[in-house]
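Undergrad: Below: one structure in structure tokens.
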Amino acid sequence: MKKATPAKEKKRKSQTDDSKSLRVLIVEDNEDDTLLVLRDLKKGGFNPVYERVETAAAMKKALKEKQWDIILSDYKLPRFDGIQAINLLRETQLDIPLLIISGTIGEETAVECMRAGALDYVMKNNLTRLCQAIKRKLKEAEARNRQRQAEEALFKNKLLLNETQQIAGVGGWEYDLVNRRISWTDEVYRIYGVSNDFDPNNIEQNIKFYSPDDQKIITQAFWQAVKKGIPYDLEPKFINARGNHLW
């Protein structure tokens, strides 16, 4: 048997070190096809950690017990199919990219899978684009995850801000220059004495909470801030919806 030279051993070690770990759930009944997919994943720079399932029950169990980066599903299995796999994944509400890999899928079936929720499809007899498709979908999933984290952080900050404003009795609002929309914090609704379904964008309605003498001053200051960026600091007389006089 021919032994590998030190240089070759070093090269092989380097390739292994550079491989990106990929947790892949494979919905496939053919072991040979699974091995072909794994071979292409390794060629594409991945170090796959995988599990192969053939039924809905097995897929459901795998999704419940482990975390996955990607799901690769055959379209037609003896007791399962790609559409069922997509629907099962949707029921779990997990955000895992699912790609269809099939040797028999036609254009109409491919469109059906995409409409059902598959993010892409690859033919078994042409796996050359598999790794590129996976890398693209992983990036998209990562972007969605960052967006979710940002939204969750924003929601938590809003809750904290509302709680702080309620304690201090101070409200806050902002004007979206792009969409021309005003938004209030919960405390502003409370100060105005109105419910949260009150529309803060009805300027003519909102200005009536202020005394007639101050309405023109407030309107002028507001539009100067919007159009020219001129800040303002006013303390107008204010009567909320409950008839309470505030400053």
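Undergrad: Would you say residue 199 is without any contact (Cβ under 8 Å) to a residue 40 or more places away in the chain, among the acidic types (Asp, Glu) and either part of a helix (DSSP H, G or I) or surrounded by 13 or more Cβ atoms within 10 Å (Cβ to Cβ) (or both)?
TA: Against the criterion (without any contact (Cβ under 8 Å) to a residue 40 or more places away in the chain, among the acidic types (Asp, Glu) and either part of a helix (DSSP H, G or I) or surrounded by 13 or more Cβ atoms within 10 Å (Cβ to Cβ) (or both)), residue 199 does not qualify.
Undergrad: For the stretch 202-247, how many residues are closer than 17 Å to residue 176 by Cβ and surrounded by 10 or more Cβ atoms within 10 Å (Cβ to Cβ)?
TA: 7
The rows are residues; the columns are (1) buried (at least 17 other Cβ atoms within 10 Å of the Cβ); (2) β-branched (Val, Ile, Thr); (3) at pLDDT 80 or above.
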site	(1), (2), (3)
31	no, no, yes
66	no, no, yes
91	no, no, yes
104	no, yes, no
113	yes, no, no
136	no, no, yes
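Undergrad: Just to be sure before I move on: is residue 78 modelled with pLDDT of 85 or more, of a type outside the set (Ser, Thr, Tyr) and surrounded by 12 or more Cβ atoms within 10 Å (Cβ to Cβ) in the structure I sent?
TA: no
Undergrad: If we scan the stretch 42-57, do we find a residue that is among the small types (Gly, Ala, Ser), in a helix (DSSP H, G or I) and either touching a strand residue (DSSP E or B) at 6+ places or on another chain (Cβ under 7 Å) or not assigned by TED's automatic domain parsing to the domain that holds residue 88 (or both)?
TA: yes
The values are calculated or read from the model by the stated rules, or taken from the named source; none is laboratory data. Note that this is a predicted model, so its numbers are computed, not measured. Positions of Cβ are generated from backbone atoms using ideal geometry, with glycine treated the same way; all protein chains shown enter the neighbour counts.
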